[in-house]
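Encoded as structure tokens, the structure appears first; notes follow it.
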């Protein structure tokens, strides 16, 4: 039985086992749905991952499609590291590098259900509504304090902490958002019924 968002939030306070870098050393289309329901924390602030998108080096929407650059070089390294970039010159976005070294594939974290450090998130975002704190990749980075300084850091060592989901959530899939290439790939994954998504499926 799928957990409701309220139940998911309660479960996150009894965190699942820590995720190691080996968790990410699999196909990006395996890792992405497995992250739904996991908990992402940065210095103890964060919440339940409710929406992600997968990007593979073989498709033109991936930053790595045209090869390595100084910006995307971390994508070509081993799995289990963060890749942070600035979107439209405004917002930071965080990705988790997957697959074997050289594959250059990653999962974009699109939305969280806030569960830890909510007062800090509210200060950083300048708003009170929990539903709006992390309902988008740029919003969640601002709420957690993620910047380019966190790019290239291992995901299983502080300041990052990732914990496996508790139970098995019901996952929905759809098309990725805000891209103009490879728009037909259904590589967006979300927690069914969550009110914390960036956009409905």
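What the Kirkwood sum gives for the stretch 53-103 is a hydrodynamic radius of 11.2 Å, with every pair of different alpha carbons counted.
Ranking 163, 128, 57, 91 by Cβ neighbours within 10 Å, fewest first, what do you get? The partial results should precede the final answer.
Values: 163 18, 128 9, 57 21, 91 15.
Listing 163, 128, 57, 91 from fewest to most nearby Cβ atoms yields 128, 91, 163, 57.
Using only DSSP helix segments of four residues or longer, with each worth -39500 (n - 2.57), what per-residue ellipticity at 222 nm results for the chain after dividing by its residue count and rounding to 500? Numbers along the way, then the final one.
Values: 5 runs with 35 residues, N = 201.
Theoretical 222 nm ellipticity from helices: -4500 deg cm²/dmol.
Would you mind ranking 139, 192, 17 so that the residue whose beta carbon has the fewest other beta carbons within 10 Å leads the list?
By the 10 Å Cβ count, ascending, the order reads 17, 192, 139.
From the C-alpha gyration tensor of the stretch 19-160, pull out the three semi-axes of the equivalent ellipsoid (sqrt of 5λ each), sorted largest to smallest, in whole Å.
Details: eigenvalues 118, 48, 34 Å².
That gives 24, 15, 13 Å for the three semi-axes.
The ranking of 83, 88, 189 by Cβ neighbour count inside 10 Å, starting from the fewest, reads 88, 189, 83. Between residue 20 and residue 164, residue separation times 0.36 nm minus the direct Cα-Cα distance comes to 50.9 nm.
Judged by the gyration tensor of its Cα atoms, with axes a ≥ b ≥ c, the stretch 81-201 is rounded; a/c sits under the 1.5 cut.
Computed from the coordinates by the stated procedures, all read-outs in this text should not be read as laboratory data. Everything numeric in this text was worked out from a predicted model, so none of it was measured. Virtual Cβ from ideal backbone geometry, glycine too; neighbours counted across all protein chains shown.
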